[in-house]
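Asks: The structure that follows is given in the form of structure tokens.
The values are calculated or read from the model by the stated rules, or taken from the named source; none is laboratory data. All values reported here derive from a predicted model rather than from experimental measurement. Don't worry about glycine lacking a Cβ; one is built from the backbone with ideal geometry, like all the others, and counts go over all protein chains shown. Just the protein is used for accessible areas: all its heavy atoms, side chains included, with ligands, DNA and RNA removed. Shrake-Rupley method; radii C 1.70, N 1.55, O 1.52, S 1.80 Å.
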Amino acid sequence: GYPESIKRDPERADRWRRNYLQSIVERDIRDIAEVKDASDLTRLLAFLESRTAQLLNQSALSQGLGHSRATIDRYLTLLERLFLIRLLPAWHSNRSKRLVKTPKLHFVDSGLAATLGELEPGSWNKERSRFGHLLESFVLQQLIAMADCMPRSPRFYHYRDRDKTEVDIVIESGQKIWGVEIKAAASVNRDDARGLLKLAGLAGQNFQAGIVFYDGEATLPLNKEAGILAVPIAKLWER
């Protein structure tokens, strides 16, 4: 999460995040848009928290919150401009088709998402799926932050086909393509590389490598021919 909250103990950090969200909704949004009822955005944020790292479904949001599709789209744009959420576009080997594929929703700050979802470290084992989604959003944001230091920033996508084969993060720089999977587990197996192998087949010679980030300690080959490795998440912070 934000450095200001990390420096505090858990209770004070939670209070800081809630005050931060309140100040954004009540102050910043008024500066950039006319919103009749700021509580609508608060409700939307709470609704989105449970859907981080999942495909965006505007129709479900519209029905759940009782607003038109146009209003929901406008609110989502506002939240993007305030750097609260990120809509990760879909990757497709045909570039023109990327524009019509469904994006994936991510909270930019996983600490804020955890606060909205009332998730605490002690509930990790009971809420494995929800924490797994938070972890995916967290790793994405770390990779994007690192990419900002590169001379030429790459583009980030996600991949999902009709068979529901997925790759959490697709990184594209020029013609070069990398794939990243995030697994909230301490062990991996070859099946965890299935989506990356599909991506490698679609990308052909442009595919450079694939990584499955997991909560283990060893770097392991999952498919040597395709250059797919299992890598500890902690490696993100090592030079």
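Asks: When the accessible area of the stretch 195-239 is split by element with a 1.4 Å probe, what percent falls to carbon and sulfur?
Replies: Details: 1320 of 2640 Å².
With neighbouring chains kept in place, the figure for the stretch 195-239 is 50 percent.
Asks: Using only the Cα atoms, work out Rg/Rh for the stretch 63-107, with Rh taken as the Kirkwood radius, to two decimals. If you can, show how the numbers build up before the last one.
Replies: Details: Rg = 12.5 Å, Rh = 11.9 Å.
Answer for the stretch 63-107: 1.05.
Asks: Something else: Not counting ligands, DNA or RNA, and with a 1.4 Å probe, what is W178's accessible surface area in Å² rounded to the nearest 10?
Replies: For W178, solvent-accessible area is about 80 Å².
Asks: Rule-of-thumb check for the stretch 116-239: C-alpha Rg over 2.2 N^0.38 Å? All intermediate terms of the calculation are to be shown ahead of the outcome.
Replies: Details: Rg = 14.8 Å, N = 124, 2.2 N^0.38 = 13.7 Å.
So the Cα radius of gyration is 1.07 times the expected 2.2 N^0.38 Å.
Asks: As a test of the formula, what do you get for the chain when each DSSP H run with n ≥ 4 contributes -39,500 (n - 2.57) and the sum is divided by the residue count, at 222 nm and rounded to the nearest 500 deg cm²/dmol?
Replies: Working: 9 runs with 92 residues, N = 239.
Helix contribution divided over all residues of the chain: -11500 deg cm²/dmol.
Asks: For Cα pairs less than 8 Å apart in space and 6+ apart in sequence, what is the mean separation divided by the residue count of the chain, i.e. the relative contact order in percent? Walk me through the numbers before you get to the answer.
Replies: Details: 332 pairs, mean separation 30.8, N = 239.
Taking the mean separation of contacting Cα pairs over the length of the chain, I get 13 percent.
Asks: Further, regarding this structure: Using the heavy atoms of the protein chains alone and a 1.4 angstrom probe, what is the accessible area of the stretch 116-239 per residue in square angstrom? Walk me through the numbers before you get to the answer.
Replies: Working: 7250 Å² over 124 residues.
In whole numbers, the stretch 116-239 has 58 Å² accessible per residue.
Asks: Express the Stokes-Einstein translational diffusion coefficient of the stretch 164-217 in µm² s⁻¹, to the nearest whole number, given a Kirkwood radius over alpha-carbon pairs, 10 °C and a viscosity of 1.306 mPa s. Don't skip to the answer; put the middle values down first.
Replies: Working: Rh = 11.5 Å.
Answer, rounded: 139 µm²/s.
Asks: In Å, the Kirkwood hydrodynamic radius of the stretch 138-194 over pairs of distinct alpha carbons?
Replies: Evaluated over the stretch 138-194, this radius sits at 12.7 Å.
Asks: Which far-off residues, 5 or more places away or on another chain, put their amide H under 5 Å from the one on H158, with H placed in the peptide plane?
Replies: So H158 has HN proximity to A90, W91, V170.
Asks: With every protein chain left in place, what is the accessible area of K164 in Å² (1.4 Å probe, nearest 10)?
Replies: The accessible area comes out at roughly 130 Å².
Asks: Which pairs in the list K101/K198; K7/K126; K104/K176; K97/K164; K104/K164; K101/K164 are over 20 Å apart, alpha-carbon to alpha-carbon? Mind showing how you got there, number by number?
Replies: Details: K101/K198 18 Å; K7/K126 26 Å; K104/K176 22 Å; K97/K164 17 Å; K104/K164 14 Å; K101/K164 13 Å.
Where the Cα-Cα span goes over 20 Å, the pairs concerned are K7/K126; K104/K176.
Asks: Something else: Taking H placed 1.01 Å from N in the peptide plane, check which residues at least 5 places from A53 or on another chain put their amide H under 5 Å from its amide H.
Replies: For A53, the qualifying residues are L105, H106, F107.
Asks: Keeping all protein chains in position, work out how much accessible area R12 exposes to a 1.4 Å probe, and write it in Å² to the nearest 10.
Replies: Rounded to the nearest 10, the figure is 120 Å².
Asks: Nothing charged except the Cβ atoms of Lys and Arg (+1) and of Asp and Glu (-1): what's the magnitude of the dipole of the chain about its Cα centre? Round to the nearest 20 debye. It would help to have the intermediate numbers written out before the result.
Replies: Details: 36 positive and 31 negative charges, 137 e Å.
The dipole of the chain has a size of about 660 debye.
Asks: Which residue, R81, R17, R51, has the most motion in a Gaussian network model of the chain that connects Cα atoms within less than 10 Å?
Replies: Result for the chain, Cα springs under 10 Å: R81 fluctuates most.
Asks: Ok, one more. Each label point is 7 Å from the Cα along the Cα-to-Cβ direction; what then is the distance between the points at A218 and R81, in nm?
Replies: So the label points at A218 and R81 sit 5.2 nm apart.
Asks: Taking θ = phi - 60°, what integer Hz values does the Karplus form 6.51 cos²θ - 1.76 cosθ + 1.60 yield along the stretch 146-158, in sequence order, with x for Gly and Pro?
Replies: 5, 5, 5, 8, 7, x, 10, 5, x, 9, 10, 9, 10
Asks: Next question. Please enumerate, by chain and number, the aspartates and glutamates with C-alpha under 15 Å from the C-alpha of K183, excluding those fewer than 8 residues away in the same chain.
Replies: Cross-link targets: E127, E136, E166, D168, D191, D192, D215, E217.
Asks: Moving on to the next point. With charges only on Cβ, +1 for K and R and -1 for D and E, what is the dipole size of the stretch 38-97 about its Cα centre, in debye, rounded to 20?
Replies: Values: 8 positive and 4 negative charges, 47 e Å.
In total the dipole reaches around 220 debye.
Asks: Per-residue HN-Hα couplings for the stretch 83-91, Karplus 6.51 cos²θ - 1.76 cosθ + 1.60 at θ = phi - 60°, whole Hz, x for Gly and Pro?
Replies: 6, 8, 10, 9, 9, 8, x, 7, 8
Asks: Could you give the C-alpha radius of gyration of the chain expressed as a fraction of 2.2 N^0.38 Å, taking N as the number of residues it contains? Write out the running numbers ahead of the final one.
Replies: Values: Rg = 18.6 Å, N = 239, 2.2 N^0.38 = 17.6 Å.
Ratio of Rg to 2.2 N^0.38 Å for the chain: 1.05.
Asks: Moving on to the next point. List, largest first, the extents of the alpha carbons of the stretch 1-128 along their principal axes, each in whole Å.
Replies: 48, 37, 26
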